[in-house]
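The structure appears right after this line, and notes come after that.
Just so it is clear, none of the values below were taken in a lab; they were calculated from the coordinates. Just so it is clear, the structure is predicted and the values come from calculations on it, not from any experiment. A quick note on method: Cβ atoms are made from the backbone with ideal geometry, for glycine too, and the neighbour counts reach across all protein chains shown.
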Amino acid sequence: MASRAVKTEAVVLRSMRYGEADRILHLYTPHRGRVGAIAKGVRRARSRFGGRLEPFFRLHIELHEGRGELLTVTGAQTIDGHARLRGDARALDAAARACDAVGRLFETPEPHPGVFNLLCRQLALLDERGGTGTGRAAALAFRLKLLLAAGLAPQLAGCASCGEREHLVGFSGAAGGVVCGACEAGSFPLHEDAHRFMAEALGRALTEVPDAAASALGQVERAIAATLEHHAHVRLMPAAGRSG
């Protein structure tokens, strides 16, 4: 592969120390998916990158693509540093979980502009709302939209096994959605309020998170986890910390 320059928007998912002065970055981009890059000398006091290669920054970034797996950062300009988010521990934790979910579920170079835009909106909301936007319901609504973007949205309108539209009492990760009483073997209970939350969260904007009791949210999280384990072989961190 011939070396070439790459210019793109990116969100920094992770930033890890490497060697004496470098950092390895996991970036998510709209047209190249997840990208690994090295920022050389970034930890030196006089680095031209300053602090803008930290997690959750949205950037215009310039990269050099050579023969290795990692691209090299050659330039970066901040679009949004999400400064308010960084002053709120709960918002910071929610941002880390959102970035981790994107990085695990969309770990290839396949382009997903919609996922990039979804992540940018989620980080902007966390920056805007701080701790008030960091609850479990908001995190699960975001994850349901990631499932939709990945083509893994659960079947909710009828039984995922037989198509029955009534008496939907459980959820089956293997079947890929809700199941009726006749097909519930191997499923776990999914109550009506959990079913409603999932349907409304998928149909609403991120700014309009449905309300639900903690018990319903527990079922929703279990349904998301079962879907990902069966169809993507991915396990995510819990959607929210103990305080969320």
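FRET efficiency for residue 196 and residue 230, Cβ-Cβ distance as r, R0 = 25 Å, nearest 0.05? Write down the numbers at each step before the final one.
Working: r = 23 Å, r/R0 = 0.92.
That gives a FRET efficiency of 0.65.
Hey, what's the Kirkwood Rh for the chain if you take every pair of different alpha carbons, in angstrom? Spell out each step's value before the answer.
On the way: mean 1/r = 0.0524 Å⁻¹.
For the chain, inverting the mean 1/r across all distinct Cα pairs yields 19.1 Å.
Any chance you could check the Cα centroid distance between region 182-203 and region 14-69 for me, in angstrom?
Rounded to whole Å, the Cα centres lie 41 Å apart.
If Lys and Arg each add +1 and Asp and Glu each add -1, what is the summed charge of the other residues whose beta carbon sits under 12 Å from the beta carbon of residue 212?
Numbers: positive: 136, 196; negative: 192, 193, 200, 211, 221.
My count for the surroundings of residue 212 gives -3.
Which cross-chain or sequence-distant (5 or more) residues have an amide H under 5 Å from the amide H of residue 170, H modelled 1.01 Å from N in plane?
For residue 170, whose amide H was placed from the backbone, the distant partners under 5 Å are 179, 190.
Can you give the extra length, in nm with one decimal, that the chain gains between residue 208 and residue 21 once fully stretched, where that is 0.36 nm per residue apart less the Cα-Cα distance?
Details: separation 187, 0.36 × 187 = 67.32 nm, distance 4.28 nm.
Computed gain between residue 208 and residue 21 is 63.0 nm.
What is the calculated FRET efficiency for residue 96 to residue 165, with r their C-beta to C-beta distance and R₀ = 35 Å, to the nearest 0.05? Present the calculation step by step, with values, prior to reporting the outcome.
Working: r = 39 Å, r/R0 = 1.12.
Computed FRET efficiency for residue 96 and residue 165: 0.35.
How big is Rg to Rh over region 73-176, alpha-carbon atoms, Rh as the Kirkwood inverse-mean-distance radius? Don't skip to the end; give the middle numbers.
Details: Rg = 17.0 Å, Rh = 15.8 Å.
Answer for region 73-176: 1.08.
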